[in-house]
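> I'd like to ask you about the structure that follows.
The values are calculated or read from the model by the stated rules, or taken from the named source; none is laboratory data. In this text the structure is predicted, and so the values were computed from the model without any measurement. All Cβ positions, even for glycine, are placed from backbone atoms using ideal geometry, and neighbour counts span all protein chains on display.
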Amino acid sequence: MQLFDTHFHYSGEASPAEYRNRILADALGAGVFPETLELNAVGGDFLESLRARSFAHAVPDCIFSVGIHPGSVERFSGNISDFETFRDDPLLAAVGELGLDYFYAAETAPRQREVFAGFLQLALEWNKPAIVHLRDQGDDAAFKDGMALLQDFTASGGRFEVHCFTGDWKWGEKILELGGYIGITGMVTFKRAENIRDIARRLPAERLLLETDSPYLAPVPYRGRENHPGFLGLVAAQVAAVRGMTIGEVCSLACNNGRRFFGVEERQAQILKKEDFYV
Ligand SMILES: [Zn+2]
């Protein structure tokens with residue numbers, strides 16, 4: 001099976017090689033044989049972005065992304081220019097994670113919008129897609145504010161995904177209209193998450209991405225435990241069940257979508273060119 005976890009966070013507790021071995025072992029334990037394993041290590045603050053970069057350079061088939069998670073805006077210096085250090089890295093795939101979280105951090109909403117807008121601008125300058133986190137308190141405010149910013153972003157040529165989508169189909173449709181992709185996490189296996197299974201069912205095949213958002217949101221039957229990309233097969237299994245597909249079909253579909261969204265092939269070609277140069 002082709003596994004591509006398009007969104008996980010690396011804590012740095014285990015070495016990159018150990019962590020990757022654990023992913024492979026646990027994937028096998030969960031009954032999924034990973035023929036290929038691709039990863040996107042995501043940074044939600046500056047330090048985590050540095051860690052994501054080192055991880056990506058230490059293991060095969062890994063890209064990384066850099067940004068400020070809405071829950072981290074309070075601790076952010078405000079110097080987006082600090083992130084210039086990542087700009088020319090051949091493994092840099094996207095700007096993110098970014099966005100608005102009015103569920104856990106409503107008190108910093110104005111600051112979140114400012115930082116989000118600043119990083120969307122950066123994504124345009126760097127010509128990278130954006131990984132967006134949107135979560136509201138059930139009043140749609142984060143979606144309304146977020147979609148307004150994303151509308152301007154896409155009008156200027158920006159591309160984005162809403163990762164770990166937790167809204168309903170009404171917002172799902174708006175994301176799709178703007179050309180956005182949607183990331184499905186282990187929440188799709190949670191008993192009460194009927195809205196997420198609904199999204200997973202209705203989503204056009206070419207916009208579906210799979211992710212674990214590790215170390216959070218471990219899928220059933222590991223819910224509450226530390227998550228990691230080895231459990232991606234369980235997310236794929238639930239998506240396969242609601243879409244009437246096999247796990248293998250869902251995995252290769254999502255893998256191809258991820259490769260297209262993050263420009264994996266173009267990046268590989270660039271890296272090969274650079275290697276030719278040095279030979
Ligand atoms: Zn995340």
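> Taking K191 as the residue in question, decide whether it is charged (D, E, K, R), more than 16 Å from the ligand (Cβ to nearest atom) and assigned to a helix (DSSP H, G or I).
Values: charged (D, E, K, R): yes; more than 16 Å from the ligand (Cβ to nearest atom): yes; assigned to a helix (DSSP H, G or I): no.
So K191 does not fit the description; no.
> State all residues of the stretch 197-240 that are of a type in the set (V, I, T) and either under 27 Å from G12 (Cα atoms) or modelled with pLDDT under 95 (or both); if no residue qualifies, say none. I'd like the intermediate steps shown before the answer.
Filtering the stretch 197-240 for residues of a type in the set (V, I, T) gives 199, 212, 220, 235, 239.
T212, V220, V235, listed by residue number.
> Consider E74 carefully, then state whether it is over 15 Å from K128 (Cα atoms), touching a Ser or Thr at 6+ places or on another chain (Cβ under 9 Å), of a type in the set (D, E, K, R) and more than 16 Å from the ligand (Cβ to nearest atom). Working first, answer last.
Working: over 15 Å from K128 (Cα atoms): yes; touching a Ser or Thr at 6+ places or on another chain (Cβ under 9 Å): yes; of a type in the set (D, E, K, R): yes; more than 16 Å from the ligand (Cβ to nearest atom): yes.
Considered against the rule, which asks whether it is over 15 Å from K128 (Cα atoms), touching a Ser or Thr at 6+ places or on another chain (Cβ under 9 Å), of a type in the set (D, E, K, R) and more than 16 Å from the ligand (Cβ to nearest atom), E74 comes out as yes.
> Additional query: In the stretch 30-49, which residue that is more than 22 Å from S252 (Cα to Cα) and buried (at least 22 other Cβ atoms within 10 Å of the Cβ) is nearest to the ligand (Cβ to nearest atom)?
G44
> Among the numbered conditions (1) more than 12 Å from H133 (Cα to Cα); (2) at pLDDT below 95; (3) surrounded by 15 or more Cβ atoms within 10 Å (Cβ to Cβ), tell me where L178 comes up short.
Only one criterion in (1) more than 12 Å from H133 (Cα to Cα); (2) at pLDDT below 95; (3) surrounded by 15 or more Cβ atoms within 10 Å (Cβ to Cβ) is unmet by L178, namely (2).
> Could you go through the stretch 79-98 and let me know if any residue there is within 16 Å of the ligand (Cβ to nearest atom), surrounded by 13 or more Cβ atoms within 10 Å (Cβ to Cβ) and of a type in the set (F, W, Y).
We begin by selecting, within the stretch 79-98, every residue within 16 Å of the ligand (Cβ to nearest atom); these are 93-98.
Pick out the ones that are also surrounded by 13 or more Cβ atoms within 10 Å (Cβ to Cβ) and you get 93-98.
Narrowing further to those that are of a type in the set (F, W, Y): none.
Checked the stretch 79-98: no residue is within 16 Å of the ligand (Cβ to nearest atom), surrounded by 13 or more Cβ atoms within 10 Å (Cβ to Cβ) and of a type in the set (F, W, Y).
> Related question: Can you name the condition, by its number, that T108 falls short on among (1) modelled with pLDDT under 95; (2) within 30 Å of A56 (Cα to Cα); (3) buried (at least 17 other Cβ atoms within 10 Å of the Cβ)?
Single failed check for T108: (2).
This table checks each residue for (1) within 16 Å of the ligand (Cβ to nearest atom); (2) within 24 Å of Y19 (Cβ to Cβ); (3) crowded, with 21+ Cβ neighbours inside 10 Å; (4) aromatic (F, W, Y).
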residue: C164; (1), (2), (3), (4): yes, yes, yes, no
residue: K170; (1), (2), (3), (4): no, no, no, no
residue: N195; (1), (2), (3), (4): no, no, no, no
residue: R207; (1), (2), (3), (4): no, no, no, no
residue: E211; (1), (2), (3), (4): yes, yes, yes, no
residue: N227; (1), (2), (3), (4): yes, yes, yes, no
residue: A236; (1), (2), (3), (4): no, yes, yes, no
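> Tally up the residues in the stretch 1-16 that are more than 12 Å from the ligand (Cβ to nearest atom) and in contact with a helix residue (DSSP H, G or I) (Cβ under 7 Å, 6 or more places away or on another chain), please.
Residues flagged as more than 12 Å from the ligand (Cβ to nearest atom) and in contact with a helix residue (DSSP H, G or I) (Cβ under 7 Å, 6 or more places away or on another chain) within the stretch 1-16 amount to 7.
> Can I ask one more? Identify, from the list G146, G96, G158, the residue that is touching a Leu at 6+ places or on another chain (Cβ under 6 Å) and touching a residue at least 40 places away in the same chain (Cβ under 8 Å). Step through it out loud before you land on a result.
Details: G96 fails: touching a Leu at 6+ places or on another chain (Cβ under 6 Å); G158 fails: touching a residue at least 40 places away in the same chain (Cβ under 8 Å).
From the options G146, G96, G158, the qualifying one is G146.
> Could you list, in sequence order, the residues of the stretch 89-100 that are under 23 Å from F55 (Cα atoms) and in a strand (DSSP E or B)?
First pass over the stretch 89-100, keeping only residues under 23 Å from F55 (Cα atoms): 89-98.
Across the stretch 89-100, the qualifying residues are L92, A93, A94, V95, G96, E97, L98.
> Another question, then. Restricting to the stretch 243-257, name every residue that is of a type in the set (A, V, I, L, M, F, W, C) and surrounded by fewer than 18 Cβ atoms within 10 Å (Cβ to Cβ). Steps first, please.
If we filter the stretch 243-257 for residues that are of a type in the set (A, V, I, L, M, F, W, C), which is where we start, we get 245, 247, 250-251, 253-255.
Matches in the stretch 243-257: M245 only.
> Looking for something within 16 Å of the ligand (Cβ to nearest atom), in contact with a Lys or Arg (Cβ under 6 Å, 6 or more places away or on another chain) and of a type in the set (D, E, K, R) - is there at least one such residue anywhere in the stretch 101-121? Break it down into steps so the answer makes sense when it comes.
Step one: filter the stretch 101-121 for residues within 16 Å of the ligand (Cβ to nearest atom), giving 101, 103-105, 112, 115-116, 119.
Next, from what is left, pick out any that are in contact with a Lys or Arg (Cβ under 6 Å, 6 or more places away or on another chain): 101, 103.
When the remaining residues are screened for being of a type in the set (D, E, K, R), the result is 101.
Yes; the residues of the stretch 101-121 include at least one that is within 16 Å of the ligand (Cβ to nearest atom), in contact with a Lys or Arg (Cβ under 6 Å, 6 or more places away or on another chain) and of a type in the set (D, E, K, R).
> Would a scan of the stretch 21-29 turn up a residue that is crowded, with 23+ Cβ neighbours inside 10 Å, touching a residue at least 60 places away in the same chain (Cβ under 8 Å) and within 22 Å of G96 (Cβ to Cβ)?
Yes, the conditions are met somewhere in the stretch 21-29.
> Here is a further query. Going by the structure shown, is A254 part of a helix (DSSP H, G or I), of a type in the set (A, V, I, L, M) and out of contact with any strand residue (DSSP E or B) (no Cβ under 7 Å at 6 or more places or on another chain)?
Details: part of a helix (DSSP H, G or I): yes; of a type in the set (A, V, I, L, M): yes; out of contact with any strand residue (DSSP E or B) (no Cβ under 7 Å at 6 or more places or on another chain): no.
Considered against the rule, which asks whether it is part of a helix (DSSP H, G or I), of a type in the set (A, V, I, L, M) and out of contact with any strand residue (DSSP E or B) (no Cβ under 7 Å at 6 or more places or on another chain), A254 comes out as no.
> Same structure, new question: Could you grab me the full set of residues in the stretch 122-143 that are within 16 Å of the ligand (Cβ to nearest atom) and either crowded, with 24+ Cβ neighbours inside 10 Å or hydrophobic (A, V, I, L, M, F, W, C) (or both)? Reasoning before the result, please.
Residues of the stretch 122-143 that are within 16 Å of the ligand (Cβ to nearest atom), as a first pass: 129-135, 142.
Selection gives A130, I131, V132, H133, L134, A142.
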